[in-house]
1. Listed residues SER106, SER116; which is open to solvent by 10 Å² or more (accessible area, probe 1.4 Å) and of a type in the set (Ser, Thr, Tyr)?
2. So which residues in region 121-132 are surrounded by 23 or more Cβ atoms within 10 Å (Cβ to Cβ) and either of a type outside the set (Val, Ile, Thr) or not in a helix (DSSP H, G or I) (or both), if there are any at all?
3. So HIS324 fits all but one of (1) touching a Gly at 6+ places or on another chain (Cβ under 9 Å); (2) under 22 Å from LEU294 (Cβ atoms); (3) open to solvent by less than 20 Å² (accessible area, probe 1.4 Å); what number is the exception?
4. Suppose we filter VAL312, VAL290 for residues that are at pLDDT 80 or above and open to solvent by 20 Å² or more (accessible area, probe 1.4 Å); which single one remains?
5. Does region 166-191 hold any residues that are under 21 Å from LEU392 (Cα atoms) and of a type in the set (A, V, I, L, M), and which are they?
6. Starting from region 184-209, take each residue that is assigned to a loop (DSSP other than H, G, I, E, B) and list its partners that are open to solvent by 30 Å² or more (accessible area, probe 1.4 Å) and among the aliphatic types (A, V, I, L, M), counting only C-beta distances under 8 angstrom and pairs at least six apart or across chains.
Amino acid sequence: MKPVRARLLLYLLGAYLLLSQVVMPLLSPFRALGLLEPGQIRNMLLPPLFLAIVITLGLREILRIKTALHLVLILGGVQAMIVGLPNLLDGDATRYYFSHLFQIASAYVMLVLGWSMANTIEKKFWERFVLMALLATLVSSYFTLAALARNEVGRLYTPAYTFIFVAAYSLAYSNLQTLLVIGGLLISNKRGPMVAVIGMFAVQAAKFAVIRSPEGQGNKPIKMALAFLLAALAIGAIFATYQWALNLTNITSPIERAVYITMMRLSDLINLAETGRTLDEISAGRLTEVDAALDSLNPLNWLIGSGAGWSVTLPDGPEVQNLHFTPLSLVSVFGLPFTVTLYVLMLAVVVKSFFGMNRSRQSDATRLMAPLYLVGALIHSLFAYSLFIDWLVFFFAGVAAYANKNTHPR
């Protein structure tokens, strides 16, 4: 790739990171206060950014199919476009139609971008954006907690999804940032990111245990000991915080209140049978979405989906085009074969990427972050609709796919 094009693409990737991992978290308190909807700002800025990336990459690079994952996304997009034509003719579903097509088109383009930039990004780039994302999330959480203490917001909402991005870097490079991620999650009131980061912890520990370090074997025992010590400290901190919250009788600070809310949500899930609450109540209505979506599908929809523009009206009134449970949302639009194939290919990329580190001399930050981020993103997709709206998912999938195809043996 020509240096000028590579630099332009790096700027465009930086613009996306700035928007998604810094600006959006900083705007989160305004959402909690009901002053604005950050998602609308993001939706206005993403199309021109997408167009700029497409122009910079060039159609020749974009249309060059490199892996099965590239092919699946193309076929899925074409299928959704054709099957969803009746939805397009329905005036009320036009916006949903183009929204679904934009989602899969942006996923494909980011896959190409990740493949193209796998060797061009220095560690310093990620270091800067990870630090900005971590600070933005912690500052945003502080202001939300302050508003909660003044009873200016009705619920605790923090942009904890950014901790997945931070953890993908910190688990490889910074124990201090990892500890800050744990602390942020304890006050986040977000179970999805918490489970995702725990999964990333487990995978990283397993990698140290069974996969040889790309730098060599000399420091492996030390790294293993540090990894397991950090994991033990994290688990111990969560358990201690959980026990503390169960016995808390007098809340005196916003942080105590945030930790209490987060731990009580976990407690409700752990002690479901004893709480008397339904799983739908504990899941914040997620099961209502699932039931409504399942009722809307016929046998043909399971095979080829309902196409771009699909939506479902929930019992309590709102109409949604994306479900929090990503697999079912993808089934509803693209069909079961596409969804299963996509998840299998993504998992294959992750597994091959981790084991590829065993025989590769190359251990740059981008390649080390890619499989960790994908682990967190795939887990998080079970709690939130994320795969096709978080551009970093398929960017890192492209990086990992390139690394898998171009691994240089020792």
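1. On the way: SER106 fails: open to solvent by 10 Å² or more (accessible area, probe 1.4 Å).
Answer to the selection: SER116.
2. First, pick out the residues of region 121-132 that are surrounded by 23 or more Cβ atoms within 10 Å (Cβ to Cβ): 130.
Answer for region 121-132, where residues must be surrounded by 23 or more Cβ atoms within 10 Å (Cβ to Cβ) and either of a type outside the set (Val, Ile, Thr) or not in a helix (DSSP H, G or I) (or both): there is none.
3. Of everything listed in (1) touching a Gly at 6+ places or on another chain (Cβ under 9 Å); (2) under 22 Å from LEU294 (Cβ atoms); (3) open to solvent by less than 20 Å² (accessible area, probe 1.4 Å), HIS324 misses just condition (3).
4. Working: VAL312 fails: open to solvent by 20 Å² or more (accessible area, probe 1.4 Å).
Checking each option against the conditions leaves just VAL290.
5. VAL166, ALA167, ALA168, LEU171, ALA172, VAL181, LEU185
6. ILE187/ILE255; ASN189/ILE261
The values are calculated or read from the model by the stated rules, or taken from the named source; none is laboratory data. Treat the numbers as computed from the prediction; the structure is a model and nothing was measured. Quick reminder, even Gly has a Cβ in these numbers, built from the backbone with ideal geometry, and neighbours come from all protein chains shown. Protein only, heavy atoms only, side chains kept; ligands, DNA and RNA dropped before computing areas. Shrake-Rupley method; radii C 1.70, N 1.55, O 1.52, S 1.80 Å.
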